[in-house]
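The structure appears below as structure tokens.
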Amino acid sequence: MEIVNIEAGTFREMTTSIRLLKEKLENLKSRQTSKSLDDWMDNQEVCMALNISQRTLQALRSNGTLPFSQIDRKTYYRRQDVIRLIEKGKKR
């Protein structure tokens with residue numbers, strides 16, 4: 001076993017830095033968990049909600065009508081964007 005000696009002041013600075021880092025990580029974690037997956041829909045859910053085909057959904061993505069995000073090969077849509085599109089269709 002190797003023993004390392006450091007000054008007390010340096011040790012206090014290190015522990016303070018580690019504590020602050022821990023607080024920042026916990027803060028980021030709490031923000032991340034507040035963004036629920038319930039706010040996102042996949043292709044199938046959007047097609048059912050809008051009563052459209054997969055091809056029509058692809059067209060909505062391609063022409064920029066419906067914003068989307070991709071993780072690997074799976075596409076997700078924000079629920080609020082789908083609701084906005086539904087309401088826009090009702091106004092016509």
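Quick one, which of (i) 102; (ii) 177; (iii) 87 is the actual volume of the Cα convex hull per residue in Å³ calculated for this model?
Calculated volume of the Cα convex hull per residue in Å³: the matching label is (ii).
With θ set to phi - 60° and the Karplus curve 6.51 cos²θ - 1.76 cosθ + 1.60, what are the ³J(HN,Hα) couplings of segment 45-51 in order, to the nearest whole Hz, using x for Gly and Pro?
So the Karplus estimates, Gly and Pro as x, are 5, 5, 4, 5, 5, 8, 6 Hz.
5 Å is the cut-off here: which amide hydrogens, built 1.01 Å from N in the peptide plane, fall below it relative to residue 75, excluding neighbours closer than 5 in sequence?
Those lying under 5 Å, H to H, from residue 75 are 43.
Applying the Karplus parametrisation 6.51 cos²θ - 1.76 cosθ + 1.60 with θ = phi - 60° to the phi angles of segment 59-70, what ³J(HN,Hα) value in whole Hz is obtained for each residue in order, glycine and proline being reported as x?
5, 4, 5, 5, 8, x, 5, 10, x, 8, 10, 10
In degrees from 0 to 90, rounded to the nearest 10, what is the angle of the helix 79-91 Cα long axis to the longest principal axis of the chain?
The two axes meet at around 20 degrees.
For residue 40, list long-range residues whose amide hydrogen, built 1.01 Å from N in the peptide plane, is under 5 Å from its own amide hydrogen.
Those qualifying (amide H under 5 Å, at least 5 residues apart or on another chain) are 79.
Obtain the nm distance between the two label points defined at residue 1 and residue 42 by a simple spin-label model: each point lies 7 Å from its Cα along the Cα-to-C-beta direction.
5.1 nm
Considering only protein heavy atoms and a probe of 1.4 Å, how much of the accessible area of the chain is carbon and sulfur, as a whole percent? Walk me through the intermediate numbers first.
Working: 4290 of 8130 Å².
Its accessible area is 53 percent carbon and sulfur atoms.
What full-extension length gain, to one decimal in nm, is calculated for residue 59 and residue 26 as 0.36 nm per residue of separation minus the Cα-Cα distance?
7.8 nm
Can you compute the FRET efficiency between residue 15 and residue 75 using 1/(1 + (r/R0)^6), with r the Cβ-Cβ distance and R0 = 41 Å? Round to the nearest 0.05. Present the calculation step by step, with values, prior to reporting the outcome.
Values: r = 46 Å, r/R0 = 1.11.
Computed FRET efficiency for residue 15 and residue 75: 0.35.
Quick query: amide H of residue 66 versus all other amide H atoms, modeled in the peptide plane; which residues come in under 5 Å with a sequence gap of 5 or more or a different chain?
For residue 66, the qualifying residues are 61.
Please work out the average accessible area per residue across segment 37-90, using the 1.4 Å probe convention, and give it in Å².
73 Å²
Relative to the longest principal axis of the chain, what angle (0 to 90°, nearest 10) does the C-alpha long axis of helix 8-34 take?
10 degrees
Take peptides 40-53, 78-91 and line them up by average Cβ neighbours within 10 Å, highest first, as a rough protection proxy.
Top of the packing list down: 40-53, 78-91.
The values are calculated or read from the model by the stated rules, or taken from the named source; none is laboratory data. Quantities reported herein were computed from a predicted structural model and do not represent experimental measurements. When we count neighbours, we look across all protein chains shown, and the Cβ atoms used for this are built from the backbone with ideal geometry, even at glycine. The protein model used for the area step is the full one, side chains on, heavy atoms only, and it has no ligands, DNA or RNA in it. Shrake-Rupley method; radii C 1.70, N 1.55, O 1.52, S 1.80 Å.
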